[in-house]
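The values are calculated or read from the model by the stated rules, or taken from the named source; none is laboratory data. This one's a predicted model, so the numbers in the text were calculated from it and none came from an experiment. Cβ sites come from the backbone with ideal geometry, for glycine too, and all protein chains shown count toward neighbours. Just so you know, the surface numbers come from the protein's heavy atoms only, side chains and all, with ligands and any DNA or RNA stripped out. Shrake-Rupley method; radii C 1.70, N 1.55, O 1.52, S 1.80 Å.
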Amino acid sequence: MVTLWFVLLGVLFAGYFALAGADYGTALLMRAAPPERRREVLAATGPFFLGNEVWLVAAVGVLFGAFPRLEGELLSALYPVLVALLVALIGYTAAVQLRGRWHAGAKAGWDALIVGGAGIVAVGWGVFLGALLNGLPLDADGHRSGSLFSPVAVVSGLAFAALVAVHGAVFLTWRSTVDVRRLVPVLSRVAAVLVGAVVALAAVGVTGVEPLIAAPGAVAVIALVLVAPRLSPARATLCTGLACGLPVLVIGAARWPVALASTADPAGTLTVAEAAAGPATLGVLVWFAALVLPLVAAFQGMCWWAFRGDRRPVFW
């Protein structure tokens, strides 16, 4: 039961990164479009924007309900990153919604908030993933006793932002008439180099990671972004979406059965079994998941089906 819930947690976060990554990636590229066409950049993700965020709500719900101790440790150890993520996400979401309600002179300010918010969110999630890969300086009581910004975490933040950017570029090429195709090969190579740098740093300074899982996973991410410029926009979007979602699954599998590793005191390491709620709680949550998760998937599928192949600007 614990393993099933941990896999579900990873799948929900991977789905969020793969789907909402397109939102953040297109926002990062707003400045690549002329001012009069930036509305079309936002319109590309308009039909899916709020639906993509539901995956994060579901993932956080599973984290809080099924892994309460892990949730507490993460909030305590990574609160600077998580607070920045939350503030940036609120600012980004509000700016996307409000941009079209103001006169033209105010749009530049909203555009800056959209680009800046999306950038902080992308880098923040990358740092979050890098911290899970590298481990955190936790003492025996699980309290952070050092800096969470390790080289692996910092480069991971940049790498994830690059993955999100290339995902946004191919998504825009597929779902809009804004021409950013010239950026796709450049961003793909940058993302591949940064992912490779994360792997190199992890190979030198990170312990407790299963290389037979981590290495093929990293190769798969690099291959997906490098092959994207050679494919049709729709297939390229699928590849870059997988590249954005795959890291969380690879890190979780490579760290198994550890949920949160400690680099300061081994006693501070938290296993998946220790992080999970009791069997009775997990059993009750099964009924909740059985009801809610199919609705989330059905809503997402309905959105994609309803707006399949439509490249006309909608919303905002």
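Structure above, values below:
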| quantity | calculated |
| --- | --- |
| The chain, helix-only ellipticity at 222 nm - DSSP H runs n ≥ 4, -39,500 (n - 2.57), divided by all residues, nearest 500 | -25000 deg cm²/dmol |
| The chain: relative contact order in percent, alpha carbon pairs under 8 Å with at least 6 residues between | 28 |
| Gain in span if fully extended, L231 to L82, counting 0.36 nm per residue against the direct Cα distance | 50.1 nm |
| Selected from G10, L42, W256, residue furthest toward positive end of dipole (the chain; charges at beta carbon) | L42 |
| Average accessible area per residue (Å²) across the chain - probe 1.4 Å, nucleic acids and ligands excluded | 44 |
| Accessible surface of region 16-94, 1.4 Å probe, proportion on carbon and sulfur as whole % | 73 |
| Principal-axis tilt of helix 151-175 within the chain, Cα atoms, nearest 10 degrees | 30 |
| Relative packing of 237-243, 298-304, 261-267, which averages over residues the other C-beta atoms within 10 Å, highest first | 237-243, 261-267, 298-304 |
| Percent carbon-and-sulfur accessible area, region 185-316, ignoring ligands, DNA and RNA, probe 1.4 Å | 75 |
| Spin-label model distance (nm) - D141 vs W304, 7 Å beyond Cα toward Cβ | 4.7 |
| The chain: angle of helix 211-227 to the longest principal axis, Cα-based, in degrees nearest 10 | 0 |
| Using alpha-carbon coordinates, inclination of helix 79-98 to the longest axis of the chain, degrees | 20 |
| C-alpha center-to-center spacing [region 4-71, region 131-187] in angstrom | 13 |
| Local electrostatic count at A118 - Lys and Arg +1, Asp and Glu -1, tallied over other residues with Cβ under 12 Å | -1 |
